1. Write out, first by first residue and then by second, each pair whose Cβ atoms fall under 7 Å of each other, whose residues are 6+ apart or on separate chains, and whose first residue, in the stretch 43-62, is surrounded by 13 or more Cβ atoms within 10 Å (Cβ to Cβ) while the second is of a type in the set (Phe, Trp, Tyr).
2. Out of the stretch 63-81, which residues are free of Cβ contacts under 8 Å to residues at least 12 places away in the same chain and touching a helix residue (DSSP H, G or I) at 6+ places or on another chain (Cβ under 9 Å)?
3. Restricting to the stretch 73-99, name every residue that is out of contact with any His (no Cβ under 7 Å at 6 or more places or on another chain) and modelled with pLDDT of 95 or more.
4. Exactly one condition in (1) farther than 30 Å from Tyr42 by Cβ; (2) assigned to a strand (DSSP E or B) is false for Ala97; which is it?
5. Out of the residues in the stretch 100-110 that are part of a strand (DSSP E or B) and touching a helix residue (DSSP H, G or I) at 6+ places or on another chain (Cβ under 8 Å), which is modelled with the lowest pLDDT?
6. Out of (1) under 16 Å from the mean Cα position of the chain (by Cα); (2) at negative phi, the odd one out for Gly60 is which?
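The values are calculated or read from the model by the stated rules, or taken from the named source; none is laboratory data. Quantities reported herein were computed from a predicted structural model and do not represent experimental measurements. As a convention, Cβ positions derive from the backbone with ideal geometry for all residues, glycine included, and neighbour counts pool all protein chains shown.
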Amino acid sequence: MKVSHLITAGALVLGGLTLTGCGGKKKAAAAPAPTPAAAPAYPSCSTDAHCASHGQVCVGGSCVQCRDHGQCASMGPCGRCEANKCTKVAGCCATDADCNGGRCRGGKCR
């Protein structure tokens, strides 16, 4: 085969590739985005967002009050998360009003 025939053949192949790359063939349509799964029925959950409307968090597939002490801040400095429930630490106080007639000194009722 002559060199000029090889060059011509190469140009035809490259030309065909160029046409294909510029829209010579239709591209496949993109797959539709997956639809997000519906939230499980309360109190079941897989994310905190599933529990947010109840002011709770998701732990082990169930909505609960808390997973750490910070989520019990509404109870003041005496709020603690114990077994996924906000509880008040016994004898702890922030003001005298927390002490049922006693006095709050250093965070403890006296």
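1. Sorted first by the residue in the stretch 43-62, then by its partner, the pairs are His54/Tyr42.
2. Passing the criteria: Gly79, Arg80.
3. Glu82, Ala83, Asn84, Lys85, Cys86, Thr87
4. Only one criterion is unmet by Ala97, namely (2).
5. Going residue by residue through the stretch 100-110, those that are part of a strand (DSSP E or B) are 104-105, 108-109.
This time we only want the ones that are touching a helix residue (DSSP H, G or I) at 6+ places or on another chain (Cβ under 8 Å), so: 104, 109.
Details: Cys104: 93, Cys109: 88.
The residue in question is Cys109.
6. (2)
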